[in-house]
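Structure first, commentary second.
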Amino acid sequence: MSAPSSYIGRFAPTPSGYLHFGSLIAALASYLDARAAGGRWLLRMEDLDPPREMPGAQSAILRALEAYGFQWDGEMVRQSDRLEVYNEVIEKLRQDGHAYACNCSRKQLQAFAGLYPGLCREAGRDTQDAAIRLRVPDRTYSFNDRVQGQYSQDLSREVGDFVIRRRDGLIAYQLAVVLDDAWQGITDIVRGADLLDSTPRQLFLQELLGLPRPRYLHVPLIIQPDGHKLGKRYRSPPLEPAQATPLLLRALRALGQTTLGELSDALPDEVLSWATAHWDIERIPRCRTLAESQLR
Ligand code: GLU
């Protein structure tokens with residue numbers, strides 16, 4: 001018997017809407033990459049933003065994944081169950097001087113084009129009614145993406161001190177994702193290229209918190225003719241169970257994978273097994289976006 005694979009992958013949807021064709025591509029790529037390596041595939045619900053959560057989205061996402069033949073390992077994890085952990089880490093980062101309270105208003109920051117000018121950096125503000133920002137170092141973080149190649153970002157010049165907890169108490173994605181990926185033992189992150197420019201912030205957090213760095217693979221993002229990401233705001237019909245096989249095949253083609261004519265009569269889990277056996281990341285288009293209109 002061969003040794004069990006150490007690969008652990010995950011799919012981490014946000015329940016702000018239904019799964020759509022763009023999220024299907026991310027789910028499919030992460031699933032196939034994990035299964036082809038003989039690894040585990042975990043499911044994590046990133047439900048950190050109740051005001052933006054769509055009622056019923058969590059169960060709709062689970063139903064869609066099941067209808068499309070995806071089987072995850074173990075129990076699904078919900079980020080909303082881990083708020084205490086995130087808050088403890090934030091408090092520790094603040095006590096250690098890595099993070100600080102900021103009470104700048106949105107209006108005050110308008111003139112700075114998204115790059116925080118450090119106004120509260122040394123001010124020692126009270127955490128009451130304040131956002132918490134992380135002090136970023138004056139250095140470049142780089143990684144070698146398995147599809148996109150080398151990617152670098154200078155955190156202080158391109159990102160600035162970023163928010164890890166909003167003024168209203170909501171925990172930022174960047175912090176939660178790093179803590180959870182490490183806690184769940186994720187070795188490989190496969191997700192959409194819209195998160196490529198979040199990765200350097202995550203590398204910095206991993207370094208700061210002494211957590212391991214996983215491998216990364218960012219798949220092209222499907223965009224609308226107007227250049228917008230496929231998502232709930234821009235016409236994204238939920239994935240219909242009856243469309244599972246044709247949409248899985250379409251997603252496979254978008255990922256550059258070979259398909260067979262006969263597969264159009266196969267069940268979703270048969271498509272997934274076939275695709276697992278034929279998964280080849282060399283065939284994934286090395287670009288950040290793909291126009292939906294150009295997909296076959
Ligand atoms: N929850 C994020 C999303 O739905 C994905 C996070 C990740 O894969 O790191 O866009």
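Worth pointing out:
- The set of residues in the stretch 159-175 being open to solvent by 60 Å² or more (accessible area, probe 1.4 Å), touching a residue at least 12 places away in the same chain (Cβ under 8 Å) and out of contact with any helix residue (DSSP H, G or I) (no Cβ under 8 Å at 6 or more places or on another chain) consists of 166, 167.
- Just one of the listed residues (147, 85) is crowded, with 18+ Cβ neighbours inside 10 Å and among the β-branched types (Val, Ile, Thr), namely 147.
- Residue in the stretch 13-25 that is open to solvent by 40 Å² or more (accessible area, probe 1.4 Å) and near the ligand (Cβ under 10 Å from one of its atoms) present: yes
- Scanning the stretch 261-277 for residues that are open to solvent by 70 Å² or more (accessible area, probe 1.4 Å), out of contact with any Ser or Thr (no Cβ under 9 Å at 6 or more places or on another chain) and not polar (S, T, N, Q) yields 262, 269, 277.
- All of (1) over 17 Å from the mean Cα position of the chain (by Cα); (2) within 16 Å of the ligand (Cβ to nearest atom) hold for residue 79 with one exception: (1).
- When each of 43, 24, 32 is tested for being at pLDDT 95 or above and in contact with an Asp or Glu (Cβ under 9 Å, 6 or more places away or on another chain), the lone residue that passes is 43.
- Applying the criterion of being assigned to a helix (DSSP H, G or I) and more than 12 Å from the ligand (Cβ to nearest atom) to the residues of the stretch 180-196, the residue that is most open to solvent (accessible area, probe 1.4 Å) is 183.
- Here the stretch 278-296 is the region considered, the condition is being open to solvent by 80 Å² or more (accessible area, probe 1.4 Å) and modelled with pLDDT of 95 or more, and the residue that is farthest from residue 216 (Cα to Cα) is 278.
The values are calculated or read from the model by the stated rules, or taken from the named source; none is laboratory data. Given the structure is predicted, the values throughout are model-derived calculations rather than measurements. For neighbour counting, all protein chains shown are included, and Cβ atoms are generated from backbone atoms with ideal geometry for every residue, glycine included. These accessible areas exclude ligands, DNA and RNA; they are computed on the full protein's heavy atoms, side chains included. Shrake-Rupley method; radii C 1.70, N 1.55, O 1.52, S 1.80 Å.
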